[in-house]
Amino acid sequence: MQELKDKIKQYGTVLPGNVLKVDAFLNHQVDPELMYHVGQEFAKHFAGRGITKIWTVESSGIAPAVMTGLAMHLPVIFARKHKSLTLNSDMYTADVYSYTKKTTNRISISKKYVDQNDKVLLIDDFLANGQAVEGMMEIADQAGIEVAGAGIVITKTFQPGANELRDKGVEVYSLAKVKSLDNGQVTFDTDD
Ligand code: 5GP
C-alpha cells in the first residue's frame, strides 16, 4: 500500500533491536485518514469469506481493527492485556510475549462476545515473531472457532512470524513488508 509506505518513509524511525517507530501515525498519534484506507484495504482483501468479527490486541491494533470493522460492517473485539490475571471462567486467555517490551502479558477475551459459529479476522499493527497473532489463535482454538486470516499493517519479513503463521496454514496479508531495518534504513520487499 503505497500511501502507507510513503508515511513510513517520511516519519518512521529505527530504534535499536530492529524496532520501527511509527508514533507519528499509528502507535501514538493516529492518522485517521490513513487508518480508514487501511481498513478499506483489509475489507477488500478479506471480502466474501464469511467473517463475523474482527479481533485485535490492545492498544495499537485498535485503530486499524476498528476501521476494518467499519468497512466490513462487523463488530471489533480487542483482547485486553494484563500483567497477570487470576483465572476467570468467563474469559478465554493466552500468554503473549511482547517483542518490544520484553515482558509476557496475559491477553483475554470475554466469552460473552464469542459465538460458536464465529469466524474471526485477526488484525494487528505489526508482525514480528508472531506472538500476538498466535495468542489470538490460541484463544480461537479454545473457543473452537475458525480464524479467517491475519491482516497486518506492517510485517517485518526478516523476523520469523509471517512464515511461521503461513506454515500453520494461516493466511497473512500485509500492507507493508519491511525486509530490513539495517543501518537505520527502512527497506521494503520488492513484491510489496
Ligand atoms: P510479535 O508478537 O509478532 O512478535 O510482535 C507484534 C507486536 O509487537 C505488535 O502488536 C506490536 O505492538 C509490537 N511490535 C513488534 N515489532 C514492532 C516494531 O518494529 N515497531 C513497533 N512500533 N511495534 C512492534
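Evaluate region 51-63: report whether one residue or more is within 16 Å of the ligand (Cβ to nearest atom), touching a residue at least 60 places away in the same chain (Cβ under 8 Å), in a loop (DSSP other than H, G, I, E, B) and touching a Leu at 6+ places or on another chain (Cβ under 6 Å).
no
Return the total of residues in region 121-148 being away from the ligand (no atom under 15 Å from the Cβ), in a strand (DSSP E or B) and not hydrophobic (A, V, I, L, M, F, W, C).
Of the residues in region 121-148, 1 are away from the ligand (no atom under 15 Å from the Cβ), in a strand (DSSP E or B) and not hydrophobic (A, V, I, L, M, F, W, C).
May I ask you to verify whether G169 is more than 22 Å from F188 (Cα to Cα) and either near the ligand (Cβ under 9 Å from one of its atoms) or touching a residue at least 12 places away in the same chain (Cβ under 8 Å) (or both)?
In short, no.
Take A176 and tell me if it is in a strand (DSSP E or B), buried (at least 16 other Cβ atoms within 10 Å of the Cβ) and away from the ligand (no atom under 16 Å from the Cβ).
Criteria not met by A176.
If only one of T100, T157, T93 is surrounded by fewer than 23 Cβ atoms within 10 Å (Cβ to Cβ), more than 13 Å from the chain's Cα centre (by Cα), touching a residue at least 24 places away in the same chain (Cβ under 8 Å) and over 30 Å from T190 (Cβ atoms), which one is it?
On the way: T100 fails: over 30 Å from T190 (Cβ atoms); T157 fails: over 30 Å from T190 (Cβ atoms).
Only one candidate qualifies: T93.
If you take the residues in region 22-40 that are crowded, with 18+ Cβ neighbours inside 10 Å and closer than 24 Å to G135 by Cβ, which one is nearest to the ligand (Cβ to nearest atom)?
V22
Where a number appears in this text, it was derived from the coordinates with a stated rule and is not lab data. Predicted model only: the values in this text are computed from it and were never measured. Ideal geometry is used to build each Cβ from the backbone, glycine not excepted, and the neighbour counts take in all protein chains shown.
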